[in-house]
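In what follows, a single structure is set out as structure tokens and then discussed.
The values are calculated or read from the model by the stated rules, or taken from the named source; none is laboratory data. Nothing here was measured: the structure is a model prediction, and the numbers come from that model. Reconstructed Cβ throughout: ideal geometry from the backbone, glycine too, with neighbour counts over all protein chains shown.
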Amino acid sequence: MEKFTSKVLMFGEYSLLYNSMALTMPFDKFSGKFSYPNSAKDKNQALTSNQGLRKFCNHILKNHTDERFMLNVQKFKKELDKGLFFDSNIPQGFGLGSSGALVAAIFLRYLDKAGDFKDEIKVLTKEKIKTLKATLGGLEGYFHGTSSGIDPLSILINEPLLVKSNFDIVPVDIPAFKEDGQHVVFLLNTGLSRNTDKLVQHFKASCETHGFKDKLENELTPYTNDGINSFLKADTEQLYFNLYNLVKFQLDEMNYLIPEKYASLVNEGITSGDYFLKICGAGGGGYMLGFTDKWELTKQKLSGQDLEILYRF
């Protein structure tokens with residue numbers, strides 16, 4: 001069955017909810033696909049997944065009434081009765097789109113006229129993306145309470161996506177990958193899972209205060225947008241300048257999203273300028289996302305941490 005890879009939100013965590021730009025890219029190290037028990041390596045995992053899917057199927061049956069994208073729930077139920085499960089190695093609660101991959105897989109497998117949709121998705125208009133994003137967000141909201149729809153959308157399209165606004169989302173070219181590129185985007189695995197819904201609710205509560213809302217509009221959003229634009233242009237001097245501002249804002253104003261044991265490492269990075277370590281997705285654990293033009297030095301400074309190169313340019 002079709003495989004769906006994980007994704008990384010490069011820029012736009014949280015500010016995306018309040019109309020900043022965002023940038024996502026595929027990460028093919030992890031993936032998930034539907035399978036049946038006879039191919040399961042872990043029978044307990046298969047059973048647990050199947051039980052969870054049954055609950056989600058019932059939710060879809062009661063709540064998914066989108067006539068633009070009708071799902072064949074009866075087919076879904078029949079396959080669940082045969083033991084269907086989602087065989088995934090995407091870490092849950094780590095910011096790599098585990099629920100987004102599941103939603104994308106369900107959507108494409110059970111969408112009425114899915115074959116026609118696969119042809120249509122090759123030519124994406126703003127209107128198509130707008131309605132698709134809303135539908136996918138409605139489905140993924142089951143897992144997080146609320147969802148922008150960006151994770152399942154980016155996984156479904158499987159290309160870097162630039163979110164210019166809620167209504168303007170386009171595939172985009174990113175700087176060419178270079179095996180020996182000086183500029184390294186990397187992941188740091190904190191090993192800590194987190195509750196995305198609680199973190200999002202905390203952030204939304206902060207946005208109800210005028211002081212933070214002003215900072216969101218006048219600082220966080222511009223830092224995010226400028227960071228995206230400088231990355232896409234490969235303007236590294238401006239990129240690191242914006243990353244400094246972005247990381248410092250997260251450290252000063254959103255420190256509840258940075259695991260306490262990693263706050264000193266985040267601060268060390270912006271103080272020295274050797275690397276810039278920010279939250280990835282919901283924060284609070286999972287993966288953190290780093291940028292550096294001093295990779296060997298960064299590895300020394302972050303020795304003992306679980307690091308992995310995501311991209312070089």
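Applying the criterion of at least 3 residues that are among the charged types (D, E, K, R) and at pLDDT 95 or above to the helices (runs of 4 or more DSSP H) found wholly in segment 1-110 leaves 73-81.
When the residues of segment 181-237 are narrowed to those that are in a loop (DSSP other than H, G, I, E, B) and among the acidic types (Asp, Glu), which ends up farthest from Tyr287 (Cα to Cα)? Before you say what the answer is, go through the steps one by one.
Restricting attention to segment 181-237, the residues satisfying the condition of being in a loop (DSSP other than H, G, I, E, B) are 181-183, 190-195, 208-209, 233-235.
Keeping just the survivors that are among the acidic types (Asp, Glu) gives 208, 235.
On the way: Glu208: 27, Asp235: 25 Å.
Among residues in segment 181-237 that are in a loop (DSSP other than H, G, I, E, B) and among the acidic types (Asp, Glu), the one farthest from Tyr287 (Cα to Cα) is Glu208.
Could you check segment 64-97 and list, in sequence order, the residues that are closer than 21 Å to Phe4 by Cβ, surrounded by fewer than 13 Cβ atoms within 10 Å (Cβ to Cβ) and without any contact (Cβ under 8 Å) to a residue 40 or more places away in the chain? Hit for segment 64-97 is Lys75, nothing else. Within the set Leu243, Leu310, the sole residue that is touching a strand residue (DSSP E or B) at 6+ places or on another chain (Cβ under 8 Å) and part of a helix (DSSP H, G or I) turns out to be Leu243. Scanning segment 261-279 for residues that are of a type outside the set (Ser, Thr, Tyr) and closer than 19 Å to Tyr14 by Cβ yields Ala263, Val266, Ile270, Phe276, Leu277, Lys278, Ile279. Here the condition is being buried (at least 18 other Cβ atoms within 10 Å of the Cβ) and either out of contact with any strand residue (DSSP E or B) (no Cβ under 6 Å at 6 or more places or on another chain) or in the same structural domain as Leu162 (by TED's automatic domain parsing) (or both); of Leu61, Leu9, Leu47, it holds for Leu9 alone.
Out of segment 31-49, which residues are more than 25 Å from Ser154 (Cβ to Cβ) and either in contact (Cβ under 8 Å) with a residue 40 or more places away in the chain or not β-branched (Val, Ile, Thr) (or both)? Selection gives Tyr36, Pro37, Asn38, Ser39, Ala40, Lys41, Asp42, Lys43, Asn44, Gln45, Ala46, Leu47. The sole residue among Asn218, Asn195 that is out of contact with any helix residue (DSSP H, G or I) (no Cβ under 9 Å at 6 or more places or on another chain), farther than 27 Å from Asp293 by Cβ, at pLDDT 90 or above and polar (S, T, N, Q) is Asn218. Residue check: is Val200 crowded, with 17+ Cβ neighbours inside 10 Å and within 17 Å of the chain's Cα centre (by Cα)? Considered against the rule, which asks whether it is crowded, with 17+ Cβ neighbours inside 10 Å and within 17 Å of the chain's Cα centre (by Cα), Val200 comes out as yes. Every condition in (1) more than 26 Å from Ser20 (Cβ to Cβ); (2) surrounded by fewer than 16 Cβ atoms within 10 Å (Cβ to Cβ) is met by Arg109 except one, and the failing one is (2).
Could you tell me whether Leu139 is more than 23 Å from Pro259 (Cβ to Cβ), crowded, with 21+ Cβ neighbours inside 10 Å and at pLDDT 90 or above? Considered against the rule, which asks whether it is more than 23 Å from Pro259 (Cβ to Cβ), crowded, with 21+ Cβ neighbours inside 10 Å and at pLDDT 90 or above, Leu139 comes out as yes.
On inspection, Leu243 qualifies as among the aliphatic types (A, V, I, L, M) and closer than 14 Å to Gly12 by Cα. Does Gly138 satisfy the criteria of being on the phi > 0 side of the Ramachandran plot and under 17 Å from the mean Cα position of the chain (by Cα)? So Gly138 does not fit the description; no. For segment 296-313, the set of residues classified as farther than 13 Å from Val8 by Cβ and either polar (S, T, N, Q) or out of contact with any His (no Cβ under 9 Å at 6 or more places or on another chain) (or both) consists of Glu296, Leu297, Thr298, Lys299, Gln300, Lys301, Leu302, Ser303, Gly304, Gln305, Asp306, Leu307, listed by residue number.
Scan segment 259-298 for residues that are in a loop (DSSP other than H, G, I, E, B), touching a helix residue (DSSP H, G or I) at 6+ places or on another chain (Cβ under 6 Å) and either crowded, with 23+ Cβ neighbours inside 10 Å or modelled with pLDDT of 95 or more (or both) and the total you get is 4.
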